[in-house]
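Trainee: Right, I'll just put the structure down here and ask away after.
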Amino acid sequence: MSTGTRGGKVSEAVILLVDDDPDYRMLVRDAIESLGRPIKVFECVDGCDGIRFLQRVGSDKSSPRPDLVLLDLEMPGADGHEVLVRVRADHRLRDLPVVVMTGLDDDESERRALSNGASSYTCKVRDTQDMLRRIEAAAVYWTTVHRQLPGASAA
Amino acid sequence: MSERDGDNSNLVPIRHRLQFRVLLLVLAMVVVTVGTSNLMLERLIESQLEETLARETVRIGGHLADEFRQPLEHRNPTALRDRLDAVAIDSAVAFVQVEDRFGASLSQHVNNEDLYQHYLKRFGEHEQAALTQSLPTLLNYAPAPEARVLRTPIFSSTGAAGGADLLGHVTFAFIDPVHRATVQRMRALVIGVVCVACLISVPITALLMRRLTRPLRRIMRAVTMLASGERLPHLPLRRNDELGLLARSVLETAGTLAQARSELLRANESLEQQVDERTAALNAANHRLELEIETKNEFLRTVSHDLSAPLRNIAGMTTMLQRRFGDSLPEEARHRLERIAANVELESSMLDDLLELSRIRTRPGECEPVDLHELVAGIIQALEHELGERGIECGIETTLPTVHVERNLARQVFLNLIDNAAKYMGQRPTRRITISHALEKRTLHVSVADTGPGIAASDQQRVFQVFRRGSEAGTTGVPGRGIGLASVRAVVEHWGGEITLQSEVGVGSTFKVSIPASRIVSADLGSPANRSAA
């Protein structure tokens, strides 16, 4: 199931956070909110939840199309790779920016994620300041800069 | 001589065959024996013939003396002449000559002029003394051995032998026609017998030799085949001579050899089986060990990975707390938050190191030719600022070789070693770090020597363990987590080498990285280089 408020206004940038660690979700939400930008954060607790949200299935029928998905790889049920494959297989979501944010820092995971269609790959580094900077940078880039690029599909 | 030489192709070629030599020997023997015996026989017969001839000649001489006495007594030359001619009719008489008692020729009849001339030449001029001899004289001379010349005195018939008057001499040459023919026949016979003997002895000898050499060759072949262990050819075992004995002993040897061979084979087989068993056991043990190591590494990796997630959250939350509510919190609470952050950071970095250590073992990367000299020079360059601040002199003493290793791991090893040496240098009077190498037969040693405070013997093994640091005073107050040397050791052992430490408190420490020389790609073994890169 999804937590957080859904169905926000379209003028706001929307970020979907898919991670099974509630504390990490809280941290990311804090980091993004501390930016003071009009960004709305939605949270999904695992891969299945994320896929339902993105494909607007069942209770998520009215969920908005996010401008950015922050996706964890290691999750119970459908993991990040499966989410990536399902998202890229859906023609409506083919252009959706999906940034993988994971604790796995080996080359193999990164290769696999990128070949499955990840837009970018970021490690959950242990340095807090660094990690917050990464989250903020990703949020700002994909919700503002990327949206304004010519050819980028705006929601 | 029709032996199949193809069978003996593995033997040394026989230049002088036994058979040929024996044949020559037998031929020589036959020729010499038969020839000598025939010659002796010929001599015997010849002397016999000569004796007969002499006897005959003397008998005829006596008879002739009687014949010519009458005409000599009566001094009747006509009668003498008639008698002479009558005697000389016999072709066996070469010549007849009647002389008076002074040696003057009264009359002669010559059938063989050569013989007569020869006689005259010898006796007519030089042998005057012999002419007056009163006894029959047999003259054995002449180019023809079958001829005999006899000079017989003729005495008057009156009176006794002592008182009889010497009337003259009759000389005649007698040729035995049979003699010559006999001797010639004998010669022909000798040659014929020798030839026949040779003709007979050659095939017989060849046959005999064949009988001898054929089994010999078979035995020879058998002996050659002994070594290869093939089935032996038919051997002349039943012969009751030396060859049979030889064949039997060859067979016996073959049996012994075959037995020894089969025993050897059996021993080999059992040995191979044992080796296989041991190898299998070893492989199984190795596999178990590899599995265990793999499991352990996986465990380490998982643990440090899983441990880091909550830690990350703690760190993040703390930072967020400080950021968001820092101003509204009392001083005491802010201080506690700082302490939380510091501790989390420490543990965080320890986990990082653990992860790094497990990565060395599970994901070492790829080997490539790494110029150690360049690499170490680069590290010194990178640490230049830090080294300069501490007043440490750092240099490479020899031109380090290029080795086949993982670049990132090699960098980690030497960075750790040099960084460690610099960190623990303290305020020593001389502050120097020296990197050098030495090449042994199978090992490459690269040493990092410092003039630091040194490490006590009791601590020397502990420095390589994870999270362990030397307990000397020099190490206190030095920022470090004590994992560097553990990862250095992990890398060096991963390369199939070892790291050793030589240290004396108050003098300095030398860390020696020893790796198999087989990893050297190229080695410049020239004189110590001066390309110090500090």
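Trainee: Is one or more of the residues making up the range A:99-107 farther than 30 Å from B:GLU345 by Cα and away from chain B (no Cβ under 14 Å)?
Mentor: No, the range A:99-107 has no match at all.
Trainee: Kindly indicate which of B:ALA309, B:ALA247 is surrounded by 11 or more Cβ atoms within 10 Å (Cβ to Cβ) and within 14 Å of chain A (Cβ to nearest Cβ).
Mentor: B:ALA309
Trainee: Please give the helices (runs of 4 or more DSSP H) falling wholly within the range B:1-120 in which 2 or more residues are polar (S, T, N, Q), in contact with a Cys (Cβ under 8 Å, 6 or more places away or on another chain) and modelled with pLDDT of 80 or more.
Mentor: none
Trainee: Modelled with pLDDT of 75 or more and farther than 24 Å from B:GLU46 by Cβ: does that describe B:ILE200?
Mentor: yes
Trainee: A further question follows. I'm trying to understand the selection: among the residues of the range A:11-41, which are out of contact with any strand residue (DSSP E or B) (no Cβ under 7 Å at 6 or more places or on another chain), under 15 Å from A:LEU132 (Cα atoms) and either assigned to a helix (DSSP H, G or I) or open to solvent by less than 10 Å² (accessible area, probe 1.4 Å) (or both)?
Mentor: A:ASP23, A:TYR24, A:MET26, A:LEU27, A:ASP30, A:ALA31, A:GLU33
Trainee: Output the residues belonging to the range B:441-453 that are within 16 Å of B:VAL492 (Cα to Cα) and not in a loop (DSSP other than H, G, I, E, B).
Mentor: Those that are within 16 Å of B:VAL492 (Cα to Cα) and not in a loop (DSSP other than H, G, I, E, B): B:THR443, B:LEU444, B:HIS445, B:VAL446, B:SER447, B:VAL448.
Trainee: Right, something else. Looking for whichever is within 14 Å of chain A (Cβ to nearest Cβ) and open to solvent by 50 Å² or more (accessible area, probe 1.4 Å) here; the options are B:ARG301, B:ARG261, B:ARG339, B:ARG278. Which one fits?
Mentor: Within the list B:ARG301, B:ARG261, B:ARG339, B:ARG278, the selection yields B:ARG301.
Trainee: In the range A:32-69, which residues are under 13 Å from the mean Cα position of the chain (by Cα) and within 14 Å of another protein chain (Cβ to nearest Cβ)?
Mentor: The answer is A:ILE32, and nothing else.
Trainee: Scan the range A:128-151 and tell me whether some residue there is within 14 Å of the chain's Cα centre (by Cα), within 14 Å of chain B (Cβ to nearest Cβ) and polar (S, T, N, Q).
Mentor: no
Trainee: With respect to B:LEU216, is the statement that it is within 19 Å of B:GLN19 (Cβ to Cβ), under 28 Å from the mean Cα position of the chain (by Cα) and open to solvent by 40 Å² or more (accessible area, probe 1.4 Å) true?
Mentor: So B:LEU216 passes the test.
Trainee: Please enumerate the residues belonging to the range A:10-31 that are more than 14 Å from chain B (Cβ to nearest Cβ) and in contact (Cβ under 8 Å) with a residue 60 or more places away in the chain.
Mentor: If the condition is that a residue be more than 14 Å from chain B (Cβ to nearest Cβ) and in contact (Cβ under 8 Å) with a residue 60 or more places away in the chain, then A:VAL10, A:ALA13, A:VAL14, A:ILE15, A:VAL18 are the ones that fit.
Trainee: Next question. What are the pairs with Cβ atoms under 7 angstrom where one residue, in the range A:97-120, is within 23 Å of B:SER308 (Cβ to Cβ) and the other, located anywhere, is hydrophobic (A, V, I, L, M, F, W, C) and open to solvent by 20 Å² or more (accessible area, probe 1.4 Å)? Sequence gap at least six, or different chains.
Mentor: Filtered contacts from the range A:97-120: A:VAL99/A:TRP142; A:THR102/A:CYS123; A:GLY103/B:ALA309; A:ASP105/A:CYS123.
Trainee: Taking only the range B:385-419 into account, find how many residues are polar (S, T, N, Q) and touching a strand residue (DSSP E or B) at 6+ places or on another chain (Cβ under 8 Å).
Mentor: Final tally of qualifying residues: 2.
Trainee: Looking at the range A:117-127, which of its residues are open to solvent by less than 40 Å² (accessible area, probe 1.4 Å) and either more than 14 Å from chain B (Cβ to nearest Cβ) or within 11 Å of the chain's Cα centre (by Cα) (or both)?
Mentor: A:GLY117, A:ALA118, A:SER120, A:TYR121
Trainee: All but one of (1) more than 14 Å from chain A (Cβ to nearest Cβ); (2) within 23 Å of B:ASN297 (Cβ to Cβ); (3) touching a helix residue (DSSP H, G or I) at 6+ places or on another chain (Cβ under 8 Å) hold for B:MET425, so report the exception by its number.
Mentor: Going through (1) more than 14 Å from chain A (Cβ to nearest Cβ); (2) within 23 Å of B:ASN297 (Cβ to Cβ); (3) touching a helix residue (DSSP H, G or I) at 6+ places or on another chain (Cβ under 8 Å) one by one, B:MET425 breaks only (2).
Trainee: From the list B:LEU346, B:LEU372, B:LEU321, which one is of a type in the set (A, V, I, L, M), touching a residue at least 40 places away in the same chain (Cβ under 8 Å) and within 12 Å of chain A (Cβ to nearest Cβ)?
Mentor: B:LEU346
Trainee: Right, something else. Of all residues in the range B:281-298, which are over 30 Å from A:CYS123 (Cβ atoms) and either open to solvent by less than 80 Å² (accessible area, probe 1.4 Å) or within 14 Å of chain A (Cβ to nearest Cβ) (or both)?
Mentor: B:ALA281, B:ALA284, B:ALA285, B:ASN286
Trainee: A follow-up question, please. Does the range A:78-95 contain any residue that is touching a residue at least 12 places away in the same chain (Cβ under 8 Å), surrounded by 17 or more Cβ atoms within 10 Å (Cβ to Cβ) and within 14 Å of another protein chain (Cβ to nearest Cβ)?
Mentor: no
Trainee: Okay, next question. Identify, by number, the condition in (1) open to solvent by 20 Å² or more (accessible area, probe 1.4 Å); (2) modelled with pLDDT of 85 or more; (3) over 21 Å from B:GLU498 (Cα atoms) that B:PRO429 doesn't meet.
Mentor: (2)
Trainee: Evaluate the following for B:THR171: is it part of a strand (DSSP E or B), β-branched (Val, Ile, Thr) and modelled with pLDDT of 75 or more?
Mentor: So B:THR171 passes the test.
The values are calculated or read from the model by the stated rules, or taken from the named source; none is laboratory data. Please read these numbers as outputs of a predicted model, since none were measured by experiment. Positions of Cβ are generated from backbone atoms using ideal geometry, with glycine treated the same way; all protein chains shown enter the neighbour counts. Protein only, heavy atoms only, side chains kept; ligands, DNA and RNA dropped before computing areas. Shrake-Rupley method; radii C 1.70, N 1.55, O 1.52, S 1.80 Å.
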